[in-house]
Amino acid sequence: MDTKNLKYIIKTFVFILLITLLVDKIVFFVLNTISDQVFTGQSIGKLNHFLKIKDDVDFIVFGSSRANHNIDPLMISQNSFNMGMDGRKIAYPATLIKLLPKEKKQIILLQIDTENAFSENYTGVDIQALNSKYNRNKIIKNEIDKLGQNNIIQNFYWSLSYNSSVLGILKNYFKPNYNYKTYFGYDPIYVNENQRKIFKNILSDEISEKCQQRLAINKIYNSYLDELKLFCEENNKTIIFFTSPKFNDTCKNDNDKLSEIMKTKKLIYYDLTDYFKGNNLLGYWKDKDHLSKEGAELFTQSIKKKLTNHILGKEYTFH
């Protein structure tokens, strides 16, 4: 290949590269403009809602669907929000907690699972749900990079961060599911009679659970526990960790081990896995891990009582 042809190929490549980068930034700008107006749905709406109100609320619940469906924040405080989301473990909520304002006094209730804390396979993949903010928020970018959950290409082609959420964003942009101004993040589960029968049949065919034998805390989990403790101590936050109820938890060694670790770290931790053990009515459950609205209300009342008696004392009153 002669020099002339080589120069032509290089110039063409550079031209195409510049055009694609320009188009990418235009698409990114358009997607930002649209997504910033979406406040409903789990694709980005609930995250935007949280970012909009995070500096003003006094009480925030974080965690997975077992936080989202199991705790009604308004029963605890009228100035509150439930940021529980399906499939979230610790990387996602920990990153959002680090976005909270430094000056404001806030109470954080973070739901965690023992099986995730001791999982050898947990890599922080749930943080990828924050990808849409990767090139827009320094803290989120740093957390994603730290866990190695970044796509190197999206450092140049920013619109790639919207890859998995575009359809959800467009759907909620054109047809919001609810009025976000009257939504506080809690999604109660209403169980009909047919669903209750199905759950009863599942329980009758239940196979004994295999308990984890190797109980070494996951390095990512361990690191986030320490980071959250430090962040909250330095930024006027009170953080309380808890495990949500299970219908029947036959493995207690992981509960005991996690309680021991939390005690060593001097973190406030409620193991509420067996909360319904003495009064375990079928009507309190949707499945083995999620409470019905009736069960969630009872559980939330218990959480409020614990917070009032053991954490807040006379210095704070929920409104």
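Below, the figures for the structure above:
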read-out	value
Among the residues listed as ILE107, ILE112, ILE97, ILE90, the single one being buried (at least 17 other Cβ atoms within 10 Å of the Cβ), over 25 Å from ASN142 (Cβ atoms), touching a residue at least 12 places away in the same chain (Cβ under 8 Å) and β-branched (Val, Ile, Thr)	ILE107
Within the range 1-43, considering residues that are closer than 30 Å to MET83 by Cβ and among the hydrophobic types (A, V, I, L, M, F, W, C), the one nearest to the chain's Cα centre (by Cα)	PHE39
Checklist (1) buried (at least 18 other Cβ atoms within 10 Å of the Cβ); (2) of a type in the set (A, V, I, L, M, F, W, C); (3) closer than 20 Å to SER35 by Cβ applied to PHE184, failing item	(3)
When residues of the range 29-55 are limited to those that are touching a residue at least 24 places away in the same chain (Cβ under 8 Å) and among the charged types (D, E, K, R), the one nearest to ILE189 (Cα to Cα)	LYS46
The range 235-278 - residue that is of a type in the set (Asp, Glu) and either touching a residue at least 24 places away in the same chain (Cβ under 8 Å) or in contact with a Pro (Cβ under 6 Å, 6 or more places away or on another chain) (or both) and, of those, surrounded by the fewest Cβ atoms within 10 Å (Cβ to Cβ)	ASP274
Condition met for GLY41 (touching a Phe, Trp or Tyr at 6+ places or on another chain (Cβ under 7 Å) and surrounded by 18 or more Cβ atoms within 10 Å (Cβ to Cβ))	no
The one condition in (1) buried (at least 17 other Cβ atoms within 10 Å of the Cβ); (2) free of Cβ contacts under 8 Å to residues at least 60 places away in the same chain that CYS211 fails to fulfil	(1)
Exclusive hit being within 30 Å of GLY283 (Cα to Cα) and of a type in the set (Lys, Arg), set LYS52, LYS7, LYS46	LYS46
Qualifying residue in the range 159-176 (condition: in contact with a Leu (Cβ under 6 Å, 6 or more places away or on another chain) and either more than 29 Å from LYS52 (Cα to Cα) or surrounded by fewer than 19 Cβ atoms within 10 Å (Cβ to Cβ) (or both))	no
Every residue from the range 191-222 that is modelled with pLDDT of 85 or more and more than 23 Å from ALA296 (Cα to Cα)	LEU215, ALA216, ILE217, ASN218, LYS219, ILE220, TYR221, ASN222
Members of the range 59-80 found to be aromatic (Phe, Trp, Tyr) and either in a loop (DSSP other than H, G, I, E, B) or crowded, with 24+ Cβ neighbours inside 10 Å (or both), listed by number	PHE62
Count - residues of the range 115-145 that are part of a helix (DSSP H, G or I) and touching a residue at least 12 places away in the same chain (Cβ under 8 Å)	16
First in the range 167-180 and charged (D, E, K, R), second anywhere and assigned to a helix (DSSP H, G or I), Cβ under 8 Å, 6 or more apart	LYS171/GLY41; LYS171/SER43
Subset of the range 65-87 [of a type outside the set (D, E, K, R) and within 12 Å of the chain's Cα centre (by Cα)]	SER65, ALA67, ASN68, ASN82, MET83, GLY84, MET85, GLY87
Residue pairs meeting the criteria (Cβ under 6 Å; at least 6 apart or on separate chains; first in a helix (DSSP H, G or I), in the range 14-27; second among the small types (Gly, Ala, Ser) and modelled with pLDDT of 90 or more)	ASP24/SER159; VAL27/SER159
Looking only at the range 279-296, and only at residues there that are more than 14 Å from GLN111 (Cβ to Cβ) and within 21 Å of the chain's Cα centre (by Cα), the one that is surrounded by the most Cβ atoms within 10 Å (Cβ to Cβ)	SER292
Entirely in the range 190-300, the helices (runs of 4 or more DSSP H) that have 1 or more residues that are among the charged types (D, E, K, R) and within 20 Å of GLY63 (Cβ to Cβ)	219-234, 253-264
Meets criteria (at pLDDT below 95 and within 15 Å of SER165 (Cβ to Cβ)) for SER77	no
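The values are calculated or read from the model by the stated rules, or taken from the named source; none is laboratory data. Fair warning: this is a prediction, and the values are worked out from it, not measured in the lab. Because the Cβ atoms are built from the backbone with ideal geometry, glycine has one as well, and the counts that use them run over all protein chains shown.
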